[in-house]
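Report on the following structure.
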Amino acid sequence: MMTRHYKVAGHTFAVSGQAELFEQMENYEPFECEGIEPLFSLTEDSGAVPEYMEVYRIEGERTTVIHGHTASGNDVFEFVRRTKSKGCLICSKDHREGRLILTRRIYNTVFNDALMMLYALATAGKDTLLFHAVVVSCAGKGYLFLGPSGEGKSTHARLWLEHVEGTELVNDDFPVVRDGVVYGSPWGWGIPCYRNVCYPIGGIVSLNQAPYNKIQRLNGVEAYMNLYPSVLGNGLGIVEEIDEGWHQTENALASTIPMWHLDCLPDEEAARLCHDTITR
C-alpha cells in the first residue's frame, strides 16, 4: 500500500492504494505535493458492496451514481455502469475519510468519480465548489462556461481559443471555484487539460444553443438558479450542514461575480460578442 498527497484549490488530500492505482493517475501528477496533514483521505479497498438504503440516483452519460445510507448512517455512493457495479465509496460521517471498494479491476473512471464526490463533500462550507463547466483564461482572468452536456461549452471555449488572442484553456470539465478564484483540477472527461493554475473569476456565462447570438446580464435569483445545476452534489440532500455550505457559497458567488446568459450559434461572432461584453 502506497500513500501520496495532492493539493487542489489549496485543499490537500491523501490517496492510499496499490501501485497499479497510481499508474492510472497521470492526471494528478501536476497536483502532487508534500505529505502535510490532509483535509481528507481516500483509501483503495476490496470486498463486497455493503447493504444500504437508496436515497437518490444520478443517471449520467457514462455511469449511474446511487446515493444511499448504511444501517449505521454512513453515506454510500455506488457507481453502476450498464447495470453492473463498478465500485462503491463509503464515507465516514464527517466525510474526512473514504473507502473505495472496487468490485472488479481498478477502474480509473470510478476512482475519479469517487474522489470528486469526496472532495465536494469534504470542502463543503469552505467557500469551495466543484463545477461542471469549461474554463478559459484571458488577460489574467478566468471565465466559466456553464450548461448541460452537449450544449456547446467546449465548442464555445474552442471559438475563444481560435478567435480571441491570449486565450488559454484552464479545464474542460470540472474546475474548482474558491473565494472568487477558479482553479484547474485533475478531473475532466473532455479535452485532456489538467493544469495546476488559478485565476480570479472575470465572469460566468450560462450557454444555450440558439439560431442567433444574444447575451444578457443575470442578477439575483436568476444568477443563482443558473449556477445551481452546474455544482457537483446539489440535490443529493446528504446532510443539512453540507447543503447549507454549498448554498451559502453559491449565493455569495451569484451576488459578487458578474454572470450572463448567452444564446448562441457555434460561430466566431458568438465568441467575440461574449468576450467583448463580459470583459468590458
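The values are calculated or read from the model by the stated rules, or taken from the named source; none is laboratory data. Note that the structure is predicted; figures quoted are calculated from it, not measured. Neighbour counts are summed over all protein chains in view; Cβ atoms, including those assigned to glycine, are modelled from backbone coordinates with ideal geometry. Please note that ligands, DNA and RNA were not included when accessible areas were found on the heavy atoms of the full protein model with its side chains. Shrake-Rupley method; radii C 1.70, N 1.55, O 1.52, S 1.80 Å.
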Legend entry - Near pairs, Cβ below 7 angstrom, 6+ apart or cross-chain, from segment 31-49 (at pLDDT below 95 and open to solvent by less than 80 Å² (accessible area, probe 1.4 Å)) to any residue that is part of a strand (DSSP E or B) and of a type in the set (Asp, Glu): VAL49/GLU78
Legend entry - Single residue of segment 147-163 satisfying the filter (closer than 24 Å to TYR28 by Cα and crowded, with 22+ Cβ neighbours inside 10 Å) that is farthest from the chain's Cα centre (by Cα): ALA157
Inset, instruction - Quick one: which residue in VAL80, VAL55 is open to solvent by less than 60 Å² (accessible area, probe 1.4 Å) and of a type in the set (A, V, I, L, M)? - result: VAL80
Legend entry - Matching residues in segment 54-80 - criterion: being of a type in the set (Gly, Ala, Ser) and within 21 Å of LYS93 (Cα to Cα): GLY68, ALA71, SER72, GLY73
Inset, instruction - Answer yes or no as to whether GLY73 is out of contact with any Gly (no Cβ under 6 Å at 6 or more places or on another chain), within 22 Å of GLY184 (Cβ to Cβ) and open to solvent by 30 Å² or more (accessible area, probe 1.4 Å). - result: no
Inset, instruction - Considering (1) charged (D, E, K, R); (2) modelled with pLDDT under 95; (3) within 22 Å of VAL176 (Cα to Cα), say which one LYS7 fails and leave the rest. - result: (2)
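A quick yes/no check of all residues on (1) in contact with a helix residue (DSSP H, G or I) (Cβ under 7 Å, 6 or more places away or on another chain); (2) under 19 Å from THR277 (Cβ atoms); (3) open to solvent by 50 Å² or more (accessible area, probe 1.4 Å):
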site: GLU165; (1), (2), (3): no, yes, yes
site: LEU169; (1), (2), (3): yes, no, no
site: ARG178; (1), (2), (3): no, no, yes
site: GLY184; (1), (2), (3): no, no, no
site: GLY188; (1), (2), (3): no, no, no
site: LEU207; (1), (2), (3): yes, yes, no
site: TYR224; (1), (2), (3): yes, no, no
site: VAL231; (1), (2), (3): yes, no, no
Inset, instruction - Report, by residue number, each residue of segment 81-115 that is at pLDDT below 90, of a type in the set (A, V, I, L, M) and farther than 19 Å from HIS132 by Cα. - result: LEU102, ILE106
Legend entry - Residues within segment 68-117 that are over 22 Å from the mean Cα position of the chain (by Cα) and assigned to a helix (DSSP H, G or I), tallied: 0
